[in-house]
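Report on one structure; see the data block that follows.
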Amino acid sequence: MKKILLSEIKQLFNFNNPKIKLGIIFIIVIYVIGVIKFSLLYFNSTDQIPKIQPINTNVIKSLGAFTAQVKIGFMLKQFPSFDITHNQFTIDSVIWFEFKSDEIMLETIERFSIDQGVIKYRSPADIKIIGNKILAKYNVLFDLKTDLQFHKFPFEDHRLTIAISNTFVTPEEMYYVVDNTSFQLQPNIFPANWKVIDTNVDAGYLDLNLDKQDASKQTANPKALFIINFAKASTKQLMIIFIPLFSAACFSLLSFAMNISNPVGRFTLAISGVTALLGYRFVIEQVMPKVGYFTTTDEIYLFLLVFSFICFLFQLMFTRHDRFRSKTNTEGDDPVWFERLNSFFFVTMALVLAIGISYIILK
């Protein structure tokens with residue numbers, strides 16, 4: 001019984017067996033899928049929120065009636081254009097302001113602007129009197145281009161910040177107040193492959209230094225931020241990018257599972273992985289954002305390309321060695337020696353593939 005058990009264990013760790021090698025490749029594929037799934041479980045965004053200074057309530061109280069408090073709200077109705085890859089958005093919205101008419105004029109209120117945005121259309125003010133306050137609503141259609149970060153593409157989530165400013169007044173003249181109920185999103189406005197995680201708001205002011213050597217030329221403008229955190233709801237893009245890449249890498253790894261008596265087949269399979277990766281690069285470029293830094297996709301691609309090229313070099317050297325041995329009619333334990341070397345390289349490269357992919361995705 002003990003001998004039978006030892007024999008089964010030995011067979012289980014017999015890496016010369018092609019079935020064992022195929023099983024290891026299958027385990028690696030399942031492991032990589034698990035790593036990808038794990039990386040998508042948590043909100044992962046490096047998009048920066050503009051830094052603004054909070055309103056100093058003590059200063060506001062000292063200024064008294066000379067400072068106007070304006071409540072601001074934002075309703076996002078729809079995205080006529082939503083292009084994450086090219087960082088371009090067109091937003092159809094309603095922006096409203098609530099204020100006291102004896103504190104500030106409507107002409108000053110409506111001189112608002114959208115940071116990094118171009119207003120394409122703004123309706124005349126829709127005025128409503130509520131007690132001693134005025135509610136002014138504007139239908140606004142604008143293009144927006146924010147500072148989205150794509151370092152983790154395509155595993156990244158995003159944070160879209162809509163910043164509304166008024167550059168014609170200072171916080172001593174007017175400041176914005178906002179709360180979470182002032183920011184509303186119409187349902188089902190995001191494309192099918194994105195979903196809203198949560199929203200947030202903030203208000204304050206932004207310091208502007210007109211002359212770094214002259215403090216008297218420093219000014220500030222009130223600003224309100226409306227922030228949307230959204231994540232991927234679909235893995236379609238991941239599949240389009242990575243299934244062909246990992247398939248090509250598996251071709252290279254499968255070359256170690258072929259019979260050593262078929263060096264030409266092993267060589268052909270190894271070089272197929274390299275050529276497939278080189279050719280698919282042009283397809284990846286069409287779906288990747290145009291940025292000047294390396295993304296996770298670039299790192300995975302380069303890693304798999306180097307991985308496949310090393311597999312190709314191994315098979316190339318063996319093919320040349322086998323042809324030389326055939327011409328000189330030399331005999332010996334070359335097949336046994338190469339089978340062991342082949343198994344060693346297979347296990348090593350399999351571990352390198354699993355560890356390398358894990359590190360790149362999860363770092």
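The values are calculated or read from the model by the stated rules, or taken from the named source; none is laboratory data. Just so you know, these numbers come straight off a predicted model, no measurement behind them. Note: ideal-geometry Cβ built from the backbone for every residue, glycine included; neighbour counts use all protein chains shown. Heads up: the accessible areas ignore ligands, DNA and RNA and are worked out on the full protein's heavy atoms, side chains in. Shrake-Rupley method; radii C 1.70, N 1.55, O 1.52, S 1.80 Å.
The criterion of at least 3 residues that are within 22 Å of the chain's Cα centre (by Cα) is met, among strands (runs of 3 or more DSSP E) falling completely within the range 142-241, by 158-165, 194-209, 218-232. ILE104 fails exactly one of the following numbered conditions: (1) farther than 20 Å from ASN188 by Cα; (2) free of Cβ contacts under 8 Å to residues at least 60 places away in the same chain. What is the number of that condition? All conditions are met except number (2).
From the list VAL169, VAL196, VAL177, exactly one residue is out of contact with any helix residue (DSSP H, G or I) (no Cβ under 7 Å at 6 or more places or on another chain), farther than 25 Å from SER45 by Cβ and not charged (D, E, K, R). Which is it? The conditions single out VAL177. Selection over the range 198-245 of residues that are of a type outside the set (D, E, K, R), open to solvent by 40 Å² or more (accessible area, probe 1.4 Å), closer than 19 Å to GLN53 by Cβ and at pLDDT 80 or above gives a count of 3. Scanning the range 246-265 for residues that are open to solvent by less than 60 Å² (accessible area, probe 1.4 Å) and part of a helix (DSSP H, G or I) yields PHE246, SER247, ALA248, ALA249, CYS250, SER252, LEU253, LEU254, PRO263, GLY265. Reported count of residues in the range 295-308, each being open to solvent by 10 Å² or more (accessible area, probe 1.4 Å) and in contact (Cβ under 8 Å) with a residue 40 or more places away in the chain, is 3. Could you tell me whether THR167 is more than 19 Å from ILE95 (Cβ to Cβ), of a type in the set (Val, Ile, Thr) and at pLDDT below 90? Spelling it out, it is not the case that THR167 is more than 19 Å from ILE95 (Cβ to Cβ), of a type in the set (Val, Ile, Thr) and at pLDDT below 90. A Cβ distance below 9 Å, combined with a sequence gap of six or more or placement on separate chains, defines the contacts here; from the range 251-265, residues that are farther than 13 Å from ALA276 by Cβ reach residues that are assigned to a loop (DSSP other than H, G, I, E, B) in the pairs GLY265/SER255; GLY265/MET258; GLY265/ASN259. Just one of (1) more than 30 Å from GLY34 (Cβ to Cβ); (2) modelled with pLDDT of 90 or more fails for THR146. It is (2). Kindly indicate whether LEU277 is within 19 Å of the chain's Cα centre (by Cα), buried (at least 20 other Cβ atoms within 10 Å of the Cβ) and in contact (Cβ under 8 Å) with a residue 12 or more places away in the chain. Answer is no for this residue.
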